[in-house]
1. What's the number of the condition ARG30 fails, among (1) loosely packed, with under 11 Cβ neighbours inside 10 Å; (2) touching a strand residue (DSSP E or B) at 6+ places or on another chain (Cβ under 6 Å)?
2. Between ASP80, ASP112, which is in a helix (DSSP H, G or I) and either in contact (Cβ under 8 Å) with a residue 40 or more places away in the chain or within 23 Å of GLY54 (Cα to Cα) (or both)?
3. Please indicate, with yes or no, whether at least one residue in the range 88-97 is in contact (Cβ under 8 Å) with a residue 24 or more places away in the chain, surrounded by fewer than 17 Cβ atoms within 10 Å (Cβ to Cβ) and not aromatic (Phe, Trp, Tyr).
4. Looking at the structure I just gave you, is VAL5 surrounded by 17 or more Cβ atoms within 10 Å (Cβ to Cβ) and either part of a helix (DSSP H, G or I) or hydroxyl-bearing (Ser, Thr, Tyr) (or both)?
5. Take the range 100-109 and flag every residue that is surrounded by fewer than 17 Cβ atoms within 10 Å (Cβ to Cβ) and either without any contact (Cβ under 8 Å) to a residue 40 or more places away in the chain or not small (Gly, Ala, Ser) (or both).
6. Any idea which residue in the range 52-65 is farthest from LYS2 (Cα to Cα), counting only those that are of a type in the set (A, V, I, L, M, F, W, C) and surrounded by fewer than 18 Cβ atoms within 10 Å (Cβ to Cβ)?
7. Would you check which residues across the range 15-50 are without any contact (Cβ under 8 Å) to a residue 24 or more places away in the chain and either of a type in the set (Phe, Trp, Tyr) or in a strand (DSSP E or B) (or both) and list them?
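Where a number appears in this text, it was derived from the coordinates with a stated rule and is not lab data. Remember, it's a predicted structure, so these values are computed and weren't measured experimentally. So basically every Cβ, Gly included, is an ideal-geometry build from the backbone, and we count neighbours across all protein chains shown.
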Amino acid sequence: MKAVVDEINKKTADFNGMQVPVIVTVDDKRNFTIEVGIPPTTALVMKEAGIAKGSAEPGTQVAGDLPLEAAVRIARMKFDGMLSYDLKSAVKEVLGTCVSVGVTVEGQKPRDVIRAINDGTYDSVLVA
């Protein structure tokens, strides 16, 4: 049992303080494999914004600010598990999470940044 816990701790060290999905598979010979998933988008946004908790009133109260580059980084990490077909759409999904958590992006409301992305303002940053 200790070996399993030690292995989980080693594989999840980069996600310290975050909830991470872990799947432990044990075969009939008591050998085990551990698969570590990627934390939820909310947890990644809060970590990148440097906050412990989202806003109690996301529409009116700002909990933190996220650089657009961090949103792009999160979108790249989560891309395989998202419904998006391209990086631009994946970043907009992450920005939608920012709305829910009460985090601004580059000092602006996430919805305004989404409009700017739709207008092509950030195309140079969103090159896959």
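1. The number of the failed condition is (2).
2. Residue meeting the stated conditions: ASP112.
3. no
4. In short, no.
5. GLU106, GLN108, LYS109 - these are the residues of the range 100-109 that are surrounded by fewer than 17 Cβ atoms within 10 Å (Cβ to Cβ) and either without any contact (Cβ under 8 Å) to a residue 40 or more places away in the chain or not small (Gly, Ala, Ser) (or both).
6. Out of the qualifying residues, it is VAL62.
7. Across the range 15-50, the qualifying residues are VAL22, ILE23, VAL24, THR25, VAL26, THR33, GLU35.
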